[in-house]
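Peer 1: To start, I am sharing the structure in question, which I have written as structure tokens.
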Amino acid sequence: MKKLKLVLIGNGMAGVRTLEELFKLAPDLYDVTVFGAEPHPNYNRILLSPVLAGEQTFEEIVLNNLAWYAEHNIELHLHRKVVEIDRGNRRVIAEDGTVAEYDRLIIATGSTPFILPIPGKDLQGVIGYRDIADTQAMIDTATTHRHAVVIGGGLLGLEAANGLKLRGMDVTVVHIGDWLMERQLDKTAGKLLQTALESRGLKFLLPKQTAELLDDGNGRVRAVRFAEGDEVPADLVVMAAGIRPNYALAESAGLACNRGLTVDDTMRTSDPNIFSIGECAAHRGIAYGLVAPLFEQAKVCANHLAMQGTAEYHGSVTSTKLKVTGIDLFSAGDFMGGDGCEEITLSDPIGGIYKKLVIRDDILVGACLYGDTADGGWYFRQIRENHNVSEIRDLLMFGEHAIGDAGHQGQDKAMLMSDEMEVCGCNGVCKGTIVKAITENNLLSVDEVKKHTKAASSCGSCTGLVEQILINTVGGAADVKPKSEKPVCNCTDHTHGVVRQAIREQHLITIPQAIAALGWKTPNGCATCRPALNYYLISTWPGEAKDDPQSRFINERAHANIQKDGTYSVIPRMWGGVTNAAELRRIADVADKYNVPMVKVTGGQRIDLLGIKKQDLPGVWKDLDMPCGHAYGKSIRTVKTCVGSEFCRFGTQNSTQMGIDLEHAMFGMWSPHKVKFAVSGCPRNCAESGIKDVGIIGVDSGWELYVGGNGGIKTEAGEFFTKVKTAEEVMEYSLAFIELYRQEAFYLERTVHYMHRVGLEHIKKAVLDDEERRRALYQQLLFALSLEQDPWKERIEQTALKKEFERIPVAAL
Amino acid sequence: MNWLNICALTDIPQLGARIVEGPKGDIAIFRTSSDEVFALDDRCPHKHGPLSQGIVFGKTVACPLHNWQIALDSGEAIAPDVGCAHKYPVKIEEGRVFLVLQKSTHRDTRIIASTTAA
Ligand SMILES: Cc1cc2nc3c(=O)[nH]c(=O)nc-3n(C[C@H](O)[C@H](O)[C@H](O)COP(=O)(O)OP(=O)(O)OC[C@H]3O[C@@H](n4cnc5c(N)ncnc54)[C@H](O)[C@@H]3O)c2cc1C
Ligand code: FES
């Protein structure tokens, strides 16, 4: 088949990213031709500022080298500007007469610096700040001239000014607004920033209006004159007074334009064969000037170019970070506030710290931070995910830390960490390594960081930290998304939500069926999606979908916990933490017989035998003659109990019996993530019910239920759910909640995260308000559980299942 | 070459592995969904995790300890990780899996008998 022809005008960040996304989806659909006005392959424009500041080199910021273009058979025309789009004949024509025909065309011509229309604007020494040529011109001028004036006190202007200062020039920033970066900062933060930059030797004139640039007699700029008539000397003038979408070419081809080249939610222009993305495109009237939105647009555009036709772009929330080393500034969302908004501010001018949070209808909509931006990433996440913050409002200002957490040596603030400090405890990756990988490889997403450094790729507890480091390193360009918007893995573009829904609606019951129905890009998935699919199938269609051991992580295949030396740990179940002499004797005998190197009491009120060889597992289980503890799985772990009214002089309820009954009821239950229960017999709460997925506290008049607690990586107190009278009700309500979680949560989502995503109200509505639904959920769980066997027992009894544990001896061969 | 008759192809689960007790340490034999078999040292080039216990997909296994991805046909870790698990020649004949114990010296000694899946 003859390939379709795709032409890209604009060899920049948005255009090339679209090609990358397209090659992932449909590598062979098109013959691709690229025109770029610049003589360089695609580079990371954002990093021009560190290059100007002397912190990086041009070579280091190239994103796609020439070999990449060759590898994808791209016909690349560098240094060739397209001057005409002939839509009638579907071809584009470049300045030098080169012609290329297209079936589909992408216009990604970016934007151009806005040059003030004042006398002298064309003098030598007057430039914008957009590309490598501009940056080189600034670097060169700094070696020969002294006075620089930067017009515009926004993000670009300040980064230019800072760079020129570091290159030894005497720099004045002229700004027309009342304070710096008025589009990213409010007045207080803007003033703090100015003071900090002044202490580094930058000079500011504001508010000040530039009237004219004066000639030195040889056609070079000599000075800047202002509206009031005063002047400052200038050998170099950098215009950083804003950018204008570059759509003149598109407009002359008759495409609909309105302050940018108009595109719809599929990134199509008014001509359906022509797409546009990046800074030149106006989506719902907005032309974005940051890279994060462009990357989202690129995904959507590629989806349509690949003829999948499913993705839509709905606009982006953006965040900004000034890339001036040593200055911490962060803003995101609607930080100016205004009608219908409430503001919380913290101001410490002496300490150089200022924070403002803007809340609308109990949702955080904007943040502006100066001096301490450690929580920038966290606030940004709250803004994007629309979390209701009414309950954490008092603590919101104090950041993620105040909401409670543990681990990482109590360290959860990436900014405060030194380069040597360890971020990922599992793989021993320190902060410096991560920052280096991000800057050297131009990484923009946590996934990329995982691939390059292994940080956050094991237990994942440091994902938040890695995300913060990423945001602190690349600012608004960071590609951070909540799980609900992310594809399950690289095998698919579908999110967890879409996959769950399809499995239910299309009645899919095997992994090959699901993979085929959902158009997976790989023949049998990968180590990330297969366990998720397996869980979704068995939890949605209990009894019909068959568990696939090969799609389970080894622990759930071997029914024991793999240790770093390849041995396993075995934890038998002790219902409600209660044991007896006979069990303890058998445990002791097993420890002797199999030379178990360590026997340990766990936090879940039971006993762990560590260091057991895989081939010994069936023997150990048989000799123990106790039920499987499921301590290794995404399953019900333990129901922790305190002694309760049977013995305890304070006990109001029989918590131990309640715990035993619950644990029996849920035995063998698989869930999106591990599930822990606790039952305390009185409000002294000795079983720590407040930090369990379901925590139950006996009171004189009945039982209180708490849900969504977590004592792990990040301590989360459970939310009060309801109060019931009888033990039967405890059973029905808590199991109904767990079944809802099993049906609705994403794989590897703990109850707390599930609850934050769907909202406690949603859960209450299903389980508390709707009696019928509660009963149904409860019955559904009981049905699913009725099909579960003790996996240890099965493996002792059924020879076919034993194969997993048998080794093939070579001596016998 | 000294081909050892190891086991039936069906003794290895599809998208799974078995362990052979080699004289110089364990050898993992993998079976893909298209019934190709591969044999590698059962030691991950990272920190010696038992590759036989990993999840198999395509022609790749993910190490159970820290999720390095190892290409079954070469034993090489997939970028950005670097390292290599030694591989052994294997073949399938009449539904039986055969293995040569000495380590293969160059990369492409893998032999597949494609028509013989039992
Ligand atoms: C100094 C600087 C710092 C920045 N810092 C940040 C930051 O910290 N965070 C952030 O999110 N964003 C930042 N940005 C903005 C970011 O770089 C842009 O949003 C992004 O590069 C836009 O991508 P694009 O593909 O739309 O445009 P570009 O990357 O500009 O690509 C457009 C390309 O098209 C070419 N072109 C134009 N017309 C034609 C034609 N007719 N024929 C052929 N080629 C043509 C241009 O030469 C250019 O190479 C910064 C920008 C600059 C300049
Ligand atoms: S031992 Fe295999 S990934 Fe670490």
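The values are calculated or read from the model by the stated rules, or taken from the named source; none is laboratory data. What you are looking at is a predicted structure, and each value in this text was computed from that prediction instead of being measured. Heads up, the Cβs are rebuilt from the backbone with ideal geometry, glycines too, and the neighbour counts pull from every protein chain shown. Heavy atoms of the whole protein, side chains included, go into the accessibility calculation; ligands, DNA and RNA do not. Shrake-Rupley method; radii C 1.70, N 1.55, O 1.52, S 1.80 Å.
Peer 1: Within the range A:172-249, list the GluC sites (Glu not before Pro) lying in a DSSP loop whose Cβ has at most 12 other Cβ atoms in a 10 Å radius.
Peer 2: A:E228
Peer 1: With every protein chain left in place and a probe of 1.4 Å, what is the accessible surface of A:K355, to the nearest 10 Å²?
Peer 2: Its accessible surface works out to 10 Å², give or take rounding.
Peer 1: State, in square angstrom and to the nearest 100, the accessible area buried between chains A and B, both chains counted, probe radius 1.4 Å.
Peer 2: Approximately 2700 Å² gets buried when A meets B.
Peer 1: With a 1.4 Å probe and every protein chain left in place, tell me how much accessible area A:M13 has, in Å² to the nearest 10.
Peer 2: 20 Å²
Peer 1: To continue, here is another question. Report in % the part of the accessible area of chain A that belongs to carbon and sulfur, leaving out ligands and nucleic acids; probe 1.4 Å. The partial results should precede the final answer.
Peer 2: Numbers: 16900 of 33850 Å².
Looking at chain A in its full context, I get 50 percent from C and S.
Peer 1: Any chance you could check the Cα centroid distance between the range A:679-748 and the range B:1-49 for me, in angstrom?
Peer 2: 45 Å
Peer 1: Can you give the accessible area of A:E422, probe radius 1.4 Å, in Å² rounded to 10?
Peer 2: 80 Å²
Peer 1: So which residues of the range B:1-50 lose at least 50 Å² of accessible area, probe 1.4 Å, when you go from the chain by itself to every protein chain present?
Peer 2: Residues meeting the cut-off: B:L15, B:R18, B:I19, B:E21.
Peer 1: Let me ask something else. Taking loop as defined by DSSP and a crowding limit of 16 other beta carbons within 10 Å, which trypsin sites (Lys or Arg not before Pro) in the range A:55-89 fit? Present the calculation step by step, with values, prior to reporting the outcome.
Peer 2: Working: sites: A:R80, A:K81, A:R87; in loops: A:R80, A:K81, A:R87.
Sites meeting the loop and neighbour criteria: A:K81, A:R87.
Peer 1: Another one. Let's test the formula: R0 of 45 Å, r as the Cβ-Cβ distance of A:D86 and A:I139. What FRET efficiency results, to the nearest 0.05? Working shown, then result.
Peer 2: Details: r = 39 Å, r/R0 = 0.88.
The pair A:D86/A:I139 has a calculated efficiency of 0.70.
Peer 1: Using a 10 angstrom Cβ neighbour count of at most 13 plus a DSSP loop assignment to flag exposed chymotrypsin sites (Phe, Trp or Tyr not before Pro), which longest range of chain A is free of such sites?
Peer 2: A:1-397
Peer 1: Rounded to the nearest 500, what is the 222 nm mean residue ellipticity of chain A from helices alone, with -39500 (n - 2.57) per DSSP H run of 4+ residues and division by all residues?
Peer 2: -9000 deg cm²/dmol
Peer 1: Another question about this same structure. Name the residues of the range A:523-565 whose accessible area, probed at 1.4 Å, falls by at least 50 Å² once all protein chains are in place instead of their chain on its own?
Peer 2: A:N524, A:A527, A:R530, A:Q550
Peer 1: Could you list which residues have their amide H under 5 Å from that of A:K208, counting only those 5 or more apart in sequence or on another chain, with H placed in the peptide plane?
Peer 2: A:H175, A:I176, A:G177
Peer 1: Can you tell me how much longer the chain between A:D348 and A:R807 gets when fully stretched, taken as 0.36 nm per residue apart minus their C-alpha distance, in nm with one decimal?
Peer 2: 158.6 nm
Peer 1: Something else about it: Place +1 on the Cβ of every Lys and Arg and -1 on the Cβ of every Asp and Glu in chain A, take the dipole about the Cα centre, and give the residue among A:V34, A:G278, A:A250 whose Cα lies farthest towards its positive end.
Peer 2: The Cα lying farthest towards the positive end belongs to A:V34.
Peer 1: Counting only heavy atoms of the protein chains, get the accessible area per residue of the range A:485-551 (1.4 Å probe) and round it to a whole Å² value.
Peer 2: Ligands and nucleic acids excluded, the figure is 42 Å² per residue.
Peer 1: Another one. Residue separation times 0.36 nm, minus the C-alpha to C-alpha distance between A:D264 and A:I286: what's the value?
Peer 2: That works out to 6.8 nm of additional length.
Peer 1: Going down the table (A:K634/A:K765; A:K356/A:K764; A:K356/A:K640), which pairs top 31 Å between alpha carbons?
Peer 2: Violating the 31 Å limit, Cα to Cα: A:K356/A:K764; A:K356/A:K640.
Peer 1: Can you list the cysteines of chain B that have no other Cys Cβ under 4.7 Å away?
Peer 2: Flagged as lacking a Cys partner: B:C7, B:C84.
Peer 1: So what is the accessible area of the range A:315-377 per residue, in Å², with the probe set to 1.4 Å?
Peer 2: 37 Å²
Peer 1: About its Cα centre, what dipole magnitude does chain B give when the only charges are +1 on Lys and Arg Cβ and -1 on Asp and Glu Cβ, stated in debye to the nearest 20? List each step's numbers first, then the result.
Peer 2: Values: 12 positive and 13 negative charges, 37 e Å.
My answer is approximately 180 debye.
Peer 1: Nearest 20 debye, what's the magnitude of the dipole of the range A:485-551 about its Cα centre given +1 on Lys and Arg Cβ and -1 on Asp and Glu Cβ?
Peer 2: Value, rounded to 20: 80 debye.
Peer 1: Then there is this: About its Cα centre, how strong a charge dipole does the protein assembly as shown have in debye, to the nearest 20, once Lys and Arg get +1 and Asp and Glu get -1 at the Cβ?
Peer 2: 1680 debye
Peer 1: State the number of lysine pairs found in the range A:470-619 whose Cα atoms come within less than 23 Å, restricting to pairs 8 or more positions apart or on distinct chains.
Peer 2: 11
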